[in-house]
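Q: Before I ask anything, let me first share the structure, which is written out below as structure tokens.
The values are calculated or read from the model by the stated rules, or taken from the named source; none is laboratory data. Note that the structure is a prediction, hence the values are computed from the model and not measured. Every residue, glycine among them, receives a Cβ derived from its backbone with ideal geometry; neighbour counts consider all protein chains shown.
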Amino acid sequence: MSPAQGLIASYAMKELLFSRGTYQLEIQEKGKKKVFPFIQMKDDGEVTDFFCSCSTSESGLGCAHLAASYLKIFDGTDEPLHIRFKRSFWNRLLQMASKRHGYGVECIQKGEDGSYFAESKEKNILFSIHPITEKGGKKLEAILENRPAETEETSIKFSNLPLEEIEAYRAGHPSHTLRYELSFWSDLAKYMMAEEKYEILFAGDPLPHSLRVLFKDYHLFVHIFEVNWPWIIPSLATVRSPLQVFDEEDASIEKVVYDEILHSFLVTHRSKEECDAGVPMGDWNYKQGVGFYRHRRDPFLEASLIGPERVALTLSHSTKLLSQFISIHAEKKKCQYYLHFDRDLNFHIELYVEAIGDMQSHRAACFFPWVYVPDKGFYELFDWFHEEKEKVILRAEVADFINRHRVWLHHFPGFTTHLGSLESHLTYRLSDQEQLIFDAELNFPENYEETHHFDEWVYIKGQGFYIKKESRARLPLHPGLKIPKEAVSEFLASHKEELEQVHHFYTDRQPIRHMGLNVSLSSEGLITLSPHVEYAPDIDPRKLRRFGDFYYLEGEGFFEIPSANRLPERYAGKVEIQASQELAFLAYELEPLKRYILNIDPRLVVPKELKLKIHKIIPSKRKKGKEWFLDLAYDSEIGRIDVFSIWEALQQKKRHLFSRAGLLYLKEPRFSWIRQLSKKRLDQKKGLIRLSTLEWIRLSVFEQIEEPEEPEMKQFLEELNRLETDRTLDISRLKATLRPYQEEGLKWLWFLYSHGLSGLLCDDMGLGKTHQAMALLASVFHEDEERQNKYIVICPTSVIYHWQELLGRFLPEVRVLTFYGHERTLSHFEEEYDLLLTSYGIMRTGKENLRAYRFEIAIYDEIQIAKNHVSQTHKALRAIQAEMRLGLTGTPIENRIRELKSLIDVVLPSYMPPDPIFRDLFVNPIEKHQDQEKKELLGHLVKPFLLRRKKGDVLKDLPEKIEEIAYADLSEEQKKLYRDMAIRMKHTIVSDLKDRNKPIPFVHIFSALSTLKQICNHPALVLDDVHRFHKHSSGKWDLFVELMQEAYDSGQKVVVFSQYLDMLKIIESYLKKKGIGFAGIKGSTKNRPEQLRRFREDPECFVFVASLLAAGVGIDLTVASIVIHYDRWWNPAKENQATDRVHRIGQNRGVQVFKLVTKNTIEEHIHGMIERKKGLLEDIIGTEDQIHYLTREELIEVLEKMELP
């Protein structure tokens, strides 16, 4: 007994779980730890995966547990358990129940007696299962009441599912098959199938309508409707049932007999009454107390007599049915033949199956491809020579038969054909012209027992057929045959078998040890390939003659060059590659030829390593820090080549260069920098090349540069590599203090400026990119004592006022022209201003031509707007003339390859490779093949010009809280609504305020100001059109969307406060449409803890939308780092309380607070007044609204100013 069988015999096999072809077993050997074998297999039983938790299996070896599990799964049958289960009675019965009652346990009720049952709508019990023993009760309780959750992570039922099935399940639309498999019904069916002892009882007349199954530990009852029977009937054959299934191929056939005289089948059919007796059910008939018979007619057996012409077709199509009545051998057999001559010298070819002569009886018959052998039965044969029992070739036709079937006759000893004639043997020789000539050599055999003549052939008994001399021309090989030199190779290849019969035609020796090629460059520079042959020591090459893939060794015979040692036909002789074919040869032929190459010119070898070496570096005196003179050359393990030689080859449009450093492919991206050099950049006399700093940085990325040893030259390189400059940096004109990380950013910007470079500052939102850009402006402005420089800042319309305010506050000496609005003009810019502040919208219109201006610095805020390289914005920015271009963005762009190139193209127009090269070098390898090397190369390429710090990188430098007022303009729609409301207020409320005898109408004022604030928020709020908010326009809304997008792109969580519920609805609608996860609290929110938990713990939940009053106190939102107050609450204490939900103990990042204010509206006026009074009001807590603390004069002042300018 094997170890695996021993495990089964010792009852160590415990629980067996399976689903489709996935099996998990539990094995508990005495005194040992439990082990869990796992097997996956296809429906045909082929194992696709397996493992076991035992140490033997984990070491990589098989184990007895897996072997035992495999045996258990098949259990002595030809099919695995999951296939047997699929066809089983229990599976079909309970699948029927699941479709009738449902898949969840809630469809089952529990009775007072401990039974479980399911009812129809009319309260009739259609299913019940009743425990008989305590063991049965516990098992049913485990299946029906204490079921573990079936999840993708914990259940094997998901492990072998097709992808579409998984996707349908996740989408909430699982198939019936999966729902059944996951249900208790499937588990019950598997439990029942494992039971060995049971009794099935049917009840009902004439057709059973219910069944009871009596198991040892429980009893089962199932009601079966007539419509259910066709589904259940076939599975009755898998159980011990009192009702049997008669599923013959054709139940109407009573008997089939083969008649040896008629060579036909005689078929006896049952009467129609006998076939149709019983209760019909679709394809079945039910015979009471007996079972079910299938209605099935075989069209090939409908006739009572099936003649010889239809016997073969009937045997092929109805094999299974016929085998019930007659002997049919399942295994196909090869035809065998017995050959002999009769007295009249007619040639007989007799077919036999098992023994010679078994097909020669008159009772035997052929029905191609079948035969009948008396007393043996029917056989299906293959490899037929003729389709009859015997073929007789008359004496007069024997010669023709031999000529047509020589090869076939070779299989029969004593009947083979011989190429030499009776009077001679075939010989051969080579002429002086290297013709292959066949001759005859006489050799008369003696004492033949028996000979017979058949025209040109002579039959010698026991030896075969020999050709007579006078008829030799009829064979491929015959005396007098001449093969010209050019046809010898092909002739030898196509007549190998026949030539083996020619005495000494082939030699057994292999005179050639090795063949190879020498590859060199001719004096004309052409690639030359010369064959070289290494012979065996005792071989004289002068005695060898070549014929393609064959050689002739004088005095010994022919031999074929082994394929592994064979040169390509084209290179059998010396070959010179012409210049027009050179490119194709190098691209497609040289590499495959490497296995033949013995020696190759070093100039034709691609170097393994090619380094660019600096021999000299001299900084430009005229453009210090911006230009360099270099002596460069490429070094490889083969040799050295100067850059000038490569430049000249590129000018000649060469695609490759045979150089002292090896074979260089000039189309490689690494040589693009040389191609782009103009002739005036090269000084061949001094051996120097002039490069800008930008060109040098790009070169250092694409090339492996070997640094010079001289200390002075090393110092120049170190300055470039550190991204630093010794140029003095003075920001005294900036009325602000920079944080440490901002100072580092400024140093980087100053390096770029000092070396004539540009870049992208991509710090996280809230890290002060604007301040760093203004610090750069302050430094450059300080150097420009004569104020000759001009500067430009281009930003989104929504932040143009923000820039205007910051420039005025922190760079008061810089004269700023805000180029925006209908009244904009550039007429006095040159004389009266230093900096032009405008928007992308103005740039896109293209009405004002800014090409006439040359700016010292151009700053592009939110430069990601220009990421589409075919957009008008992108084209407009590239047209601006500037010494330095600085792009600002908080959006991470380093992983968006094509967009990254677009933005670099804006600030450094000539730096990145052209689109086709960039696509082949970076986009395709990275996006299609996740090429890590190309990712790193792209990172090195952009690193000097892209600076990005995240909040987590600079935590120690961040203040606790940064507050910023973000301004927006009213849209045209808002302006009309605002004016109408302001006019109505002025006529009513203001006149009441001016009447000092009347009390201040705080309620009316509050209501009116609230309406104005809602207009500033979004027109949809006052037009009662919240659901169609996208049909209306709002300047503040556009600003909010921009801030939200930047925060979302940077991965920071955001809290948005508003005091208006409808505004919160608009924000939530927008987030849903954009697919941005959010949570929120309003006054009506019931499950607040769940909303807070989701925002804190769900990484996909980015935004918390909150009512200022509902979420202003008592909650913790410290996972966020950005707060947006969409509208202002006039009590600063209330605003601060809300902000402190984010900025409080536990916050480990700096918090950025945006307060949105609409410019030139009541919002801006009251904001200014509250800011002035803030110091006096900070101690006031709990006041509903700060409006109450404004005097009558202050209110008049505010309301007088509420009209739009």
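Q: Quick one: in region 196-223, of everything that is touching a residue at least 40 places away in the same chain (Cβ under 8 Å) and of a type in the set (Val, Ile, Thr), which residue is surrounded by the fewest Cβ atoms within 10 Å (Cβ to Cβ)?
A: 200
Q: Next question. Residue by residue through region 576-596, note down the ones that are crowded, with 16+ Cβ neighbours inside 10 Å and in a strand (DSSP E or B).
A: Once the filter is applied, which keeps residues that are crowded, with 16+ Cβ neighbours inside 10 Å and in a strand (DSSP E or B), region 576-596 yields only 577.
Q: Moving to a separate point now. Among the numbered conditions (1) closer than 15 Å to residue 328 by Cα; (2) among the hydrophobic types (A, V, I, L, M, F, W, C); (3) part of a helix (DSSP H, G or I), tell me where residue 371 comes up short.
A: The failed condition is (3).
Q: Something else now. State yes or no: is residue 1053 farther than 20 Å from residue 1029 by Cβ and touching a Phe, Trp or Tyr at 6+ places or on another chain (Cβ under 7 Å)? I'd like the intermediate steps shown before the answer.
A: On the way: farther than 20 Å from residue 1029 by Cβ: yes; touching a Phe, Trp or Tyr at 6+ places or on another chain (Cβ under 7 Å): yes.
For residue 1053, the condition - farther than 20 Å from residue 1029 by Cβ and touching a Phe, Trp or Tyr at 6+ places or on another chain (Cβ under 7 Å) - is met.
Q: Can you tell which of 845, 825, 873 is under 26 Å from residue 1047 (Cβ atoms) and either of a type outside the set (D, E, K, R) or in the same structural domain as residue 785 (by TED's automatic domain parsing) (or both)? Don't jump to the end; show me each part of the working.
A: Numbers: 845 fails: under 26 Å from residue 1047 (Cβ atoms); 825 fails: under 26 Å from residue 1047 (Cβ atoms).
Result: 873 is the single residue among 845, 825, 873 that is under 26 Å from residue 1047 (Cβ atoms) and either of a type outside the set (D, E, K, R) or in the same structural domain as residue 785 (by TED's automatic domain parsing) (or both).
Q: Ok, one more. If I filter region 1033-1041 for residues that are surrounded by 17 or more Cβ atoms within 10 Å (Cβ to Cβ), farther than 30 Å from residue 1071 by Cβ and in the same structural domain as residue 1059 (by TED's automatic domain parsing), do I get at least one hit?
A: Start the filter on region 1033-1041 by keeping residues that are surrounded by 17 or more Cβ atoms within 10 Å (Cβ to Cβ), which leaves 1034-1037, 1039-1040.
Filter once more, keeping what is farther than 30 Å from residue 1071 by Cβ: none.
The answer is no; no qualifying residue exists.
Q: Do the conditions hold for residue 1033, that is, is it within 30 Å of residue 763 (Cα to Cα) and either in contact with a strand residue (DSSP E or B) (Cβ under 7 Å, 6 or more places away or on another chain) or not β-branched (Val, Ile, Thr) (or both)? Lay out the reasoning, then the answer.
A: Details: within 30 Å of residue 763 (Cα to Cα): no; either in contact with a strand residue (DSSP E or B) (Cβ under 7 Å, 6 or more places away or on another chain) or not β-branched (Val, Ile, Thr) (or both): yes.
No.
Q: Checking the structure you have, find out if any residue of region 637-657 is closer than 24 Å to residue 917 by Cβ, of a type in the set (Gly, Ala, Ser) and either more than 38 Å from the chain's Cα centre (by Cα) or modelled with pLDDT of 90 or more (or both). Working first, answer last.
A: Within region 637-657, the first condition is being closer than 24 Å to residue 917 by Cβ, and the residues that meet it are 641, 643-657.
Imposing the further condition that a residue be of a type in the set (Gly, Ala, Ser) reduces the set to 645, 649.
Next, from what is left, pick out any that are either more than 38 Å from the chain's Cα centre (by Cα) or modelled with pLDDT of 90 or more (or both): 645, 649.
There is at least one residue in region 637-657 that is closer than 24 Å to residue 917 by Cβ, of a type in the set (Gly, Ala, Ser) and either more than 38 Å from the chain's Cα centre (by Cα) or modelled with pLDDT of 90 or more (or both).
Q: Another one. State the number of residues belonging to region 1068-1094 that are assigned to a helix (DSSP H, G or I) and either buried (at least 22 other Cβ atoms within 10 Å of the Cβ) or more than 36 Å from the chain's Cα centre (by Cα) (or both). Spell out the reasoning first.
A: Going residue by residue through region 1068-1094, those that are assigned to a helix (DSSP H, G or I) are 1068-1074, 1088-1094.
Keeping just the survivors that are either buried (at least 22 other Cβ atoms within 10 Å of the Cβ) or more than 36 Å from the chain's Cα centre (by Cα) (or both) gives 1088-1092.
Selection size over region 1068-1094: 5.
Q: Something else about it: So, residue 141, is that one free of Cβ contacts under 8 Å to residues at least 12 places away in the same chain, within 41 Å of the chain's Cα centre (by Cα), surrounded by fewer than 18 Cβ atoms within 10 Å (Cβ to Cβ) and assigned to a helix (DSSP H, G or I) or not? Spell out the reasoning first.
A: Values: free of Cβ contacts under 8 Å to residues at least 12 places away in the same chain: yes; within 41 Å of the chain's Cα centre (by Cα): no; surrounded by fewer than 18 Cβ atoms within 10 Å (Cβ to Cβ): yes; assigned to a helix (DSSP H, G or I): yes.
No: the conditions fail for residue 141.
Q: For residues that are within 34 Å of the chain's Cα centre (by Cα) and crowded, with 20+ Cβ neighbours inside 10 Å, scanning just region 850-872, find the one that is nearest to residue 759 (Cα to Cα).
A: Kept after step one, since they are within 34 Å of the chain's Cα centre (by Cα), are these residues of region 850-872: 862-871.
Still in the list and also crowded, with 20+ Cβ neighbours inside 10 Å: 862-867.
On the way: 862: 13, 863: 11, 864: 13, 865: 16, 866: 15, 867: 15 Å.
If we take residues in region 850-872 being within 34 Å of the chain's Cα centre (by Cα) and crowded, with 20+ Cβ neighbours inside 10 Å, then 863 is nearest to residue 759 (Cα to Cα).
Q: Closer than 30 Å to residue 410 by Cβ, modelled with pLDDT of 90 or more and crowded, with 17+ Cβ neighbours inside 10 Å - does that describe any residue in region 493-507?
A: Yes, region 493-507 contains a residue that is closer than 30 Å to residue 410 by Cβ, modelled with pLDDT of 90 or more and crowded, with 17+ Cβ neighbours inside 10 Å.
Q: If I filter region 42-59 for residues that are modelled with pLDDT under 90 and on the phi > 0 side of the Ramachandran plot, do I get at least one hit?
A: The answer is yes; a qualifying residue exists.
Q: For a quick check of your reading of the model, give me the residue pairs whose first member lies in region 315-326 and is assigned to a loop (DSSP other than H, G, I, E, B), whose second is at pLDDT below 90 and surrounded by fewer than 16 Cβ atoms within 10 Å (Cβ to Cβ), with beta-carbon atoms closer than 8 Å and at least 6 apart or on different chains.
A: 324/248
Q: From the list 241, 235, which one is assigned to a helix (DSSP H, G or I), among the small types (Gly, Ala, Ser) and modelled with pLDDT of 90 or more? Give the derivation first.
A: Details: 241 fails: assigned to a helix (DSSP H, G or I).
Of 241, 235, the one residue that is assigned to a helix (DSSP H, G or I), among the small types (Gly, Ala, Ser) and modelled with pLDDT of 90 or more is 235.
Q: Would you check which residues across region 176-195 are of a type outside the set (D, E, K, R), exposed (fewer than 15 other Cβ atoms within 10 Å of the Cβ) and outside any helix (DSSP H, G or I) and list them?
A: Taking region 176-195 and keeping what is of a type outside the set (D, E, K, R), we get 176-178, 180, 182-186, 188-189, 191-194.
From the residues that got through so far, the ones that are exposed (fewer than 15 other Cβ atoms within 10 Å of the Cβ) too are 176-177, 194.
Correct list: 194 only.
Q: Is there a residue being more than 37 Å from the chain's Cα centre (by Cα) and assigned to a strand (DSSP E or B) anywhere in region 90-107?
A: Checked region 90-107: no residue is more than 37 Å from the chain's Cα centre (by Cα) and assigned to a strand (DSSP E or B).
Q: Here is a follow-up. Residue 700 - would you say it is touching a residue at least 40 places away in the same chain (Cβ under 8 Å), more than 24 Å from residue 889 (Cα to Cα), under 43 Å from the mean Cα position of the chain (by Cα) and surrounded by fewer than 21 Cβ atoms within 10 Å (Cβ to Cβ)? Outline the logic, then answer.
A: On the way: touching a residue at least 40 places away in the same chain (Cβ under 8 Å): no; more than 24 Å from residue 889 (Cα to Cα): yes; under 43 Å from the mean Cα position of the chain (by Cα): yes; surrounded by fewer than 21 Cβ atoms within 10 Å (Cβ to Cβ): yes.
For residue 700, the condition - touching a residue at least 40 places away in the same chain (Cβ under 8 Å), more than 24 Å from residue 889 (Cα to Cα), under 43 Å from the mean Cα position of the chain (by Cα) and surrounded by fewer than 21 Cβ atoms within 10 Å (Cβ to Cβ) - is not met.
Q: So for region 185-206 (the condition being of a type in the set (S, T, N, Q) and in contact with a strand residue (DSSP E or B) (Cβ under 7 Å, 6 or more places away or on another chain)), does at least one residue qualify?
A: Keep residues of region 185-206 that are of a type in the set (S, T, N, Q), which gives 186.
After this cut, where a residue has to be in contact with a strand residue (DSSP E or B) (Cβ under 7 Å, 6 or more places away or on another chain) as well, the list is none.
Scanning region 185-206, I find no residue that is of a type in the set (S, T, N, Q) and in contact with a strand residue (DSSP E or B) (Cβ under 7 Å, 6 or more places away or on another chain), so the answer is no.
Q: Name the one entry in 875, 769 that is closer than 22 Å to residue 899 by Cα, without any contact (Cβ under 8 Å) to a residue 24 or more places away in the chain and either out of contact with any helix residue (DSSP H, G or I) (no Cβ under 6 Å at 6 or more places or on another chain) or surrounded by fewer than 21 Cβ atoms within 10 Å (Cβ to Cβ) (or both). Give the derivation first.
A: Numbers: 769 fails: without any contact (Cβ under 8 Å) to a residue 24 or more places away in the chain.
Going through 875, 769 in turn, the sole match is 875.
Q: When residues of region 764-791 are filtered for being outside any loop (DSSP other than H, G, I, E, B) and acidic (Asp, Glu), how many remain? Show your work before the answer.
A: Pass one, region 764-791, residues outside any loop (DSSP other than H, G, I, E, B): 769-783, 791.
Then keep just the ones that are acidic (Asp, Glu); that gives 783.
Residues flagged as outside any loop (DSSP other than H, G, I, E, B) and acidic (Asp, Glu) within region 764-791 amount to 1.
Q: When the residues of region 285-318 are filtered to those that are in contact with a strand residue (DSSP E or B) (Cβ under 6 Å, 6 or more places away or on another chain) and polar (S, T, N, Q), which remaining residue is surrounded by the most Cβ atoms within 10 Å (Cβ to Cβ)?
A: 314
Q: Residues of region 828-844 being buried (at least 19 other Cβ atoms within 10 Å of the Cβ) and not aromatic (Phe, Trp, Tyr), which ones? Please lay out each step first, then the result.
A: If we filter region 828-844 for residues that are buried (at least 19 other Cβ atoms within 10 Å of the Cβ), which is where we start, we get 834-840, 842-843.
Residues satisfying the conditions are 834, 835, 836, 837, 838, 839, 842, 843.
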